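S.K.: Please see the structure below; I have some questions.
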Amino acid sequence: MYPTVGQRQSLARTFGCARVVYNDALTMRKAAWKTDRSRIPTGVLAKSVITDVKKTDARSWLGSVSVDALQSSIRDLDTAYRNFFDSLSGKRAGRPVSLPRFKSRKDKRQSLRFSRNGFRIRGNGKLNLARIGDVRVKWSRALPADPSSVTIVLDPSGRYFASFVVDIEPDHLAELDTEVGIDLGLTTYAVMSDGTVVDNPRFLRKAEKKLKAAQRALSRRAKGSRNRAKARRKVARAHARVADTRLDWLHKQTTGLIRENQAIYLEDLTVRGLARTRLAKSVHDAGWSTFRRLLTEKAARYGRHVGIVGRYEPTSQVCSTCGVLDGPKPLSIRTWTCGACGTSHDRDLNAARNILAAGRADRLNACGGPVGPGVAIPRRARPVETGTHRNAGCTGRKPRVAGAAGIPVLQRGEDVTRR
Ligand SMILES: [Zn+2]
């Protein structure tokens, strides 16, 4: 979005008011919980932190912004609490959700939301926001259906985005009989069971020189100065460029995979564990979690299957031809010959084939069908492999089970991304 100077000021005011309302509501809910473990209903909450306080001198300025944005703010708090409780009870998949936190004026990313009553899309393509006006928008794509809400985001590099929630029908593609296993790595990004190799683009590594220069310039500026703010924005922009390029690349990769395969199998990588090792930068740069999330989302949308193979399958130790466990192999060994059947293997390709076999077996088991031959991977073997791959940095904890088959499910009504 490209708001004018005036619109930017109105937006800043609305960001601020929405934040105050959110924080006031959170304070009230926390207090109520402390005194008698009660939950204040949303309506009551809205009345006391919006309608009533607007009449007081201390909060009269809440009247200068759209009430819809303020109400959305309270609904967001409600959702945050629901996510927390659902996560606690195990109803919600994925990593644990923490309690809602207070928002700050200094948060790098500011956001607010309008419900259907708070915005309109004009015939000329402008986005009309309540009490802000007609904002110029460069549409990344046409909206597939009538949106139910819009979130306005100001990112750390000073860009404005409008993100719409749109309900869409799944758009199932014609069924295929191709399946693929993927071995993700850092040397090469991915090796597929059919032999395709995807190089690691290393976006962050490539941009590091520029980033470092920007960072250095920032560190030289005096604290609190205007030039420092400018330099900070420059750093944020450089980071945003890396993130955008990476996301774009990941979208292209995942879309291609979804189009060409009915089922895609991946290994359950301990990304969070790996991200604490000295490989952290490379692991973040690879964006494996995003790769997996995009695949899962697109699979749900286009009627494909994504299967995650357990973390303890020794996919690089088993011969994909005869199924014999050949023992641990240090990472330096890129090719090896099976002692039992004499097949020579490329390490990653062999792993990809094993992932395919294990994924297939899991899927057939889940469907109650028979397990085909050639599935001889011993389950729940101890992780012995160390190095840059898989089990490095693994704490040995069991992964949290997400969804019935350990696969996160796309939530209905989830924010449609900028794509
Ligand atoms: Zn063999």
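The values are calculated or read from the model by the stated rules, or taken from the named source; none is laboratory data. As the structure is a prediction and not an experimental result, all values here were calculated from the model. Ideal geometry is used to build each Cβ from the backbone, glycine not excepted, and the neighbour counts take in all protein chains shown. Ligands, DNA and RNA are stripped out before the accessible areas are found, and what is left, the full protein with its side chains, is counted by its heavy atoms. Shrake-Rupley method; radii C 1.70, N 1.55, O 1.52, S 1.80 Å.
S.K.: Answer yes or no: is there a residue in the range 296-306 that is surrounded by fewer than 22 Cβ atoms within 10 Å (Cβ to Cβ), under 29 Å from residue 201 (Cβ atoms), of a type in the set (Phe, Trp, Tyr) and more than 10 Å from the ligand (Cβ to nearest atom).
M.R.: Yes, the range 296-306 has at least one match.
S.K.: Having 3 or more residues that are more than 24 Å from residue 174 (Cβ to Cβ) is the bar; report the strands (runs of 3 or more DSSP E) wholly within the range 244-352 that clear it. Steps first, please.
M.R.: On the way: elements: 263-267, 305-309, 335-337, 344-346.
So the answer is 335-337, 344-346.
S.K.: Any residue that is over 15 Å from residue 185 (Cα atoms), away from the ligand (no atom under 16 Å from the Cβ) and open to solvent by less than 40 Å² (accessible area, probe 1.4 Å) - is there at least one of those in the range 317-326?
M.R.: no
Let's see how each residue does on (1) at pLDDT 90 or above; (2) within 16 Å of residue 180 (Cα to Cα); (3) exposed (fewer than 14 other Cβ atoms within 10 Å of the Cβ); (4) away from the ligand (no atom under 11 Å from the Cβ):
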residue: 311; (1), (2), (3), (4): no, no, no, yes
residue: 331; (1), (2), (3), (4): no, no, no, yes
residue: 336; (1), (2), (3), (4): yes, no, no, no
residue: 359; (1), (2), (3), (4): yes, yes, no, yes
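S.K.: Considering the range 285-340 alone, what residues qualify as being within 15 Å of residue 259 (Cα to Cα), in contact with a strand residue (DSSP E or B) (Cβ under 7 Å, 6 or more places away or on another chain) and free of Cβ contacts under 8 Å to residues at least 60 places away in the same chain?
M.R.: Those that are within 15 Å of residue 259 (Cα to Cα), in contact with a strand residue (DSSP E or B) (Cβ under 7 Å, 6 or more places away or on another chain) and free of Cβ contacts under 8 Å to residues at least 60 places away in the same chain: 295, 299, 305.
S.K.: Residue 1 fails exactly one of the following numbered conditions: (1) in contact with a Phe, Trp or Tyr (Cβ under 6 Å, 6 or more places away or on another chain); (2) open to solvent by 40 Å² or more (accessible area, probe 1.4 Å). What is the number of that condition?
M.R.: (2)
S.K.: Could you tell me whether residue 245 is at pLDDT 95 or above and open to solvent by 20 Å² or more (accessible area, probe 1.4 Å)?
M.R.: yes
S.K.: Any residue at all in the range 28-41 that is open to solvent by less than 70 Å² (accessible area, probe 1.4 Å), under 32 Å from the mean Cα position of the chain (by Cα) and basic (Lys, Arg)?
M.R.: yes
S.K.: Need at least 2 residues that are within 30 Å of residue 232 (Cβ to Cβ) and of a type in the set (A, V, I, L, M) per element, so show me which strands (runs of 3 or more DSSP E) inside the range 47-153 make the cut, counting only ones lying wholly within it.
M.R.: Result: 127-129.
Residues checked against (1) surrounded by 11 or more Cβ atoms within 10 Å (Cβ to Cβ); (2) in contact (Cβ under 8 Å) with a residue 24 or more places away in the chain:
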residue	(1), (2)
80	yes, no
83	yes, no
87	yes, no
91	no, no
94	yes, yes
105	no, yes
110	yes, yes
115	yes, yes
119	yes, yes
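S.K.: Please enumerate the residues belonging to the range 162-202 that are over 22 Å from residue 260 (Cβ atoms) and among the aromatic types (Phe, Trp, Tyr).
M.R.: 164 - this is the single residue of the range 162-202 that is over 22 Å from residue 260 (Cβ atoms) and among the aromatic types (Phe, Trp, Tyr).
S.K.: At pLDDT 95 or above, under 24 Å from residue 8 (Cα atoms) and surrounded by 13 or more Cβ atoms within 10 Å (Cβ to Cβ): does that describe residue 69?
M.R.: It is true that residue 69 is at pLDDT 95 or above, under 24 Å from residue 8 (Cα atoms) and surrounded by 13 or more Cβ atoms within 10 Å (Cβ to Cβ).
S.K.: Quick one: count up the residues across the range 172-229 that are more than 26 Å from residue 279 (Cα to Cα), in a loop (DSSP other than H, G, I, E, B) and among the β-branched types (Val, Ile, Thr).
M.R.: 1
S.K.: Among the residues of the range 346-363, which ones are acidic (Asp, Glu) and in contact with a Ser or Thr (Cβ under 9 Å, 6 or more places away or on another chain)?
M.R.: Correct list: 346, 348.
S.K.: Next question. Quick check on my filter: what residues within the range 11-25 are open to solvent by less than 20 Å² (accessible area, probe 1.4 Å) and closer than 20 Å to residue 157 by Cα?
M.R.: Listed by number, the residues that qualify are 11, 14, 15, 16.
S.K.: Can I ask one more? Which of the residues spanning the range 341-356 are hydrophobic (A, V, I, L, M, F, W, C), open to solvent by 20 Å² or more (accessible area, probe 1.4 Å) and either in contact (Cβ under 8 Å) with a residue 24 or more places away in the chain or more than 14 Å from the ligand (Cβ to nearest atom) (or both)?
M.R.: Listed by number, the residues that qualify are 349, 356.
S.K.: Moving on to the next point. Taking residue 265 as the residue in question, decide whether it is buried (at least 18 other Cβ atoms within 10 Å of the Cβ) and either within 16 Å of the ligand (Cβ to nearest atom) or over 20 Å from the mean Cα position of the chain (by Cα) (or both).
M.R.: Taking the combined requirement at face value, the residue does not satisfy it.
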